[in-house]
Amino acid sequence: MARSAESPFVRAVKRAFADALVAEIHRSRVGRKEAAKSGHLSRSYLQLLLAAERHATIGTLISLAEGLGMRPEQLLGKTMENLRRIRASAPPPLDPPP
């Protein structure tokens, strides 16, 4: 069965989380390998999250945040800030033809 196309909102959420995660890995000054290990993830799964190709579960968000030395709500807050920025810069949806 073919996968349905992702909505612009879903793509924006994945990008917002990826951007927040990249920034926090950089801030914490750990490599991606160490970030994956501290977050109890495989390095390949972390790469998919960083490339905005996969969704993070709430458990993954919690594990990554704690592994990076922050509270999960901080990582979620940064994700929400990024989402607002992404959505504000997105072109308005096209009106359907008359």
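Every number in this text was worked out from the coordinates using simple rules, so none of it is lab data. As the structure is a prediction and not an experimental result, all values here were calculated from the model. Here Cβ is always computed from backbone atoms with ideal geometry, including for glycine, and neighbour counts include all displayed protein chains.
With unit charges on the beta carbons (Lys and Arg positive, Asp and Glu negative) and the dipole taken about the Cα centre of the chain, which residue among Thr79, Gln47, Ala20 sits farthest to the positive side?
Gln47
For the range 8-86, what is the relative contact order in percent, using Cα pairs closer than 8 Å and at least 6 residues apart in sequence? Before the final figure, lay out each step's value.
On the way: 84 pairs, mean separation 33.8, N = 79.
Relative contact order here is 43 percent.
With charges only on Cβ, +1 for K and R and -1 for D and E, what is the dipole size of the chain about its Cα centre, in debye, rounded to 20?
Numbers: 16 positive and 9 negative charges, 53 e Å.
Dipole magnitude for the chain comes out near 260 debye.
With θ set to phi - 60°, apply the Karplus curve 6.51 cos²θ - 1.76 cosθ + 1.60 along the range 79-88 and write out the HN-Hα couplings as whole Hz, x wherever there is a Gly or Pro.
So the J values, rounded to whole Hz, are 4, 5, 4, 5, 4, 4, 5, 5, 5, 5.
Counting Lys and Arg as +1 and Asp and Glu as -1, what is the net charge of the other residues whose Cβ lies under 13 Å from the Cβ of Ser38?
On the way: positive: Arg29, Arg32, Lys33, Lys37, Arg43; negative: Glu24, Glu34, Glu66.
With Lys, Arg at +1 and Asp, Glu at -1, the net is +2.
Rounded to whole Hz and in sequence order, give me ³J(HN,Hα) for the range 56-69 from the Karplus expression 6.51 cos²θ - 1.76 cosθ + 1.60, θ = phi - 60°, writing x for Gly and Pro.
Each residue's phi maps through the Karplus curve to give 9, 6, 4, x, 5, 4, 5, 4, 5, 4, 5, x, 8, x Hz.
Which whole-Hz ³J(HN,Hα) couplings does the range 18-34 yield from phi under the Karplus relation 6.51 cos²θ - 1.76 cosθ + 1.60, θ = phi - 60°, glycine and proline marked x?
4, 4, 5, 5, 4, 4, 6, 5, 5, 4, 6, 6, 10, x, 5, 4, 5
Suppose only helical runs count, i.e. DSSP H with n ≥ 4. What mean residue ellipticity at 222 nm does that imply for the chain under -39500 (n - 2.57) per run, divided by all residues and rounded to the nearest 500 deg cm²/dmol?
Values: 5 runs with 64 residues, N = 98.
Calculated mean residue ellipticity at 222 nm is -20500 deg cm²/dmol.
Are there any trypsin sites (Lys or Arg not before Pro) in the range 22-72 that are in a DSSP loop and have at most 10 other Cβ atoms within 10 Å? List them by number.
On the way: sites: Arg27, Arg29, Arg32, Lys33, Lys37, Arg43, Arg54; in loops: Arg29, Arg54.
Passing sites in the range 22-72 are Arg29.
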